[in-house]
Amino acid sequence: MKVNIWGFPYSLSGPAEHCKEFSRALSKQGADVAINSHFKGNWKFDSEIFELVNKQPYKNAIDVIMDPPSTWWSHMNEKHKALIGVTVFEGSQIGYDWALGIKQPEVDQIWCPSNHTKNSIEKGMESFFQEKQEKINVIPHGYDPKMFYPSDKKEDKLKYPEEDYFTFLFLGGWSQGKKDRKGLDIAYAAFCQEFSKKEPVKFLFKITSIYNPPGYNPLAQLQKIEETKKTEDYPILQSITQDVEKKQLANIYRCADVLVLPSKAEAFGMVGLEAMACGIPVITNNYGGQLDYINEDNGWIVKEGSFAPATDPLYIYDWADWFHPTIESWRKIMRKVYENKKEVEAKSKKSLETVKEFTWEKAGQKAIKLLEQY
């Protein structure tokens, strides 16, 4: 089985990691995979991905397109055994350009990582074309159990002051301040309002810098947020500023007791899955693809809030909403988590059970079954 993966693997972004790891998973299931990109980049790959990236596109193969549906047109007239469109979407429904691409009969299957994205596609198709799509399949993202696993060894954790403090961790992008989709400002404001420096608790964050504008200082931006200002008794905030390789991410997760995933909209939320694989349970909002694997048995769900249009300039659309949680609701849950260490331990164990069904190997197995008909 020859498979062309069309995507962009040249970064540590979620889409790039999906492109690389999904390609690797298909290859390990026996598919002959080539990773192709319309735009080349400069990136250091491991040997397995390097080999896939340096192959030429196969002729008359299965083409798997990991780009927005509005860009699929360039592949529709090419000769192939099948055309598979892979897409993610964070908001409440896709727009017209995406729906039009998905509608085309040349597209044999649609793959998406979560039921949230599947529902967003279905709502868009019904809204713009009054039709249902039967060709949508959910193939979740995954994690590598050889990289993300629990460990109490000191060498498996990054070292920071106050290591014995209860630690809330945020890991992700945050480049647009209070308008940003990832919602760091909400969780951080809740932390600042709820806790004081007298308590053995801290907020640790690592910002993914790939989306940051030149000269952007996330710590300075956080401290400008009105809801976080205090005259005294400020709780502890620590920032991981150095660049890290992917294999070091697990060491960051293991520094924490709990991960906060306060995204206003999320297609899947790979950081949540990776944290849980390290035994770190997650607090998140009651909206998004992460709810396929985070629930009240293995984590905490913030339910208070309202739906409103997207605010992040990187996501310009007026046909879809995001969920905007209240700071007060985050305060309540963060306090509850901090004061119930046994509950954290119990949900850590539940998290480790849950993630067993979300490895890249299982994603590859499901994809291969769907491709065998071609």
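Give me, ordered by chain and number, the residues 5 or more places off Asp32 or on other chains with an amide H under 5 Å from its own placed amide H.
It is Lys2, Val3, by chain and number.
Is there a pair in Lys178/Lys332; Lys157/Lys356; Lys303/Lys366; Lys40/Lys135 whose C-alpha atoms are over 24 Å apart, and which pairs would that be? Walk me through the intermediate numbers first.
On the way: Lys178/Lys332 20 Å; Lys157/Lys356 22 Å; Lys303/Lys366 32 Å; Lys40/Lys135 31 Å.
Too far apart for the 24 Å limit: Lys303/Lys366; Lys40/Lys135.
Could you work out the relative contact order of the stretch 70-207, using alpha carbon pairs under 8 angstrom and six or more residues apart, expressed as a whole percent?
Working: 144 pairs, mean separation 25.0, N = 138.
Relative contact order, the stretch 70-207: 18 percent.
Starting with the fewest neighbours, write out Ser37, Ser306, Ser175 ranked by other beta-carbon atoms found within 10 Å of each beta-carbon. Please report the intermediate quantities before stating the final value.
Numbers: Ser37 17, Ser306 10, Ser175 21.
Final ranking by Cβ density, sparse to dense: Ser306, Ser37, Ser175.
By counting other Cβ atoms within 10 Å of each Cβ, how are Thr167, Thr284 ranked from fewest to most?
Values: Thr167 21, Thr284 26.
Least crowded to most crowded, the residues run Thr167, Thr284.
Explain nothing, just the number: relative contact order of the stretch 154-357, from Cα pairs under 8 Å at least 6 residues apart, as a whole percent.
Values: 361 pairs, mean separation 48.6, N = 204.
For the stretch 154-357, the relative contact order is 24 percent.
When a/c is below 1.5 the answer is rounded, else prolate if a/b is larger than b/c, else oblate, so apply that to the chain with a ≥ b ≥ c taken from the square roots of the Cα gyration tensor eigenvalues. Mind showing how you got there, number by number?
Values: a/c = 1.92, a/b = 1.55, b/c = 1.24.
The shape class here is prolate.
With a Förster radius of 35 Å, plug the Cβ-Cβ distance of Lys332 and Asn115 into 1/(1 + (r/R0)^6) and report the FRET value to the nearest 0.05. Could you put the intermediate results ahead of the total?
On the way: r = 27 Å, r/R0 = 0.78.
In this case the efficiency is close to 0.80.
Got the relative contact order for the chain handy, in percent, Cα pairs under 8 Å and 6 or more residues apart?
Details: 729 pairs, mean separation 66.9, N = 374.
Relative CO of the chain lands at 18 percent.
Contour minus end-to-end for Phe50 and Gln373, with contour as 0.36 nm per residue of separation and end-to-end as the Cα-Cα distance? Walk me through the numbers on the way to the answer.
On the way: separation 323, 0.36 × 323 = 116.28 nm, distance 2.87 nm.
Gain in length upon complete extension: 113.4 nm.
Sequence-distant or interchain residues sharing an amide H contact under 5 Å with Lys303, placed H: which?
Here nothing satisfies the definition.
Spelling out what I want: for every residue of the stretch 333-339, take phi, set θ = phi - 60°, compute 6.51 cos²θ - 1.76 cosθ + 1.60 (Karplus), and round to whole Hz; glycine and proline get x.
Values, residue by residue: 6, 5, 5, 4, 4, 4, 8 Hz.
Please compute the modelled spin-label separation between Lys28 and Gln365, points set 7 Å along Cα→Cβ, answer in nm with one decimal.
If labels sit at Gln365 and Lys28, their model points lie 1.2 nm apart.
Which FRET efficiency value, to the nearest 0.05, is calculated for Lys154 and Ser74 with the Förster distance at 56 angstrom and r the Cβ-Cβ distance?
Values: r = 51 Å, r/R0 = 0.91.
Efficiency at R0 = 56 Å is approximately 0.65.
Dipole of the chain, Cα-centred, from +1 at each Lys and Arg C-beta and -1 at each Asp and Glu C-beta, to the nearest 20 debye?
On the way: 49 positive and 52 negative charges, 103 e Å.
Charge dipole of the chain: 500 debye, to the nearest 20.
Read the figures in this text as sums done on the coordinates, not as results from a lab. If you're wondering where the values come from, they're calculated on a predicted model, not measured in any experiment. FYI the Cβ positions are ideal-geometry reconstructions off the backbone, even for glycines, and counts take in every protein chain you see.
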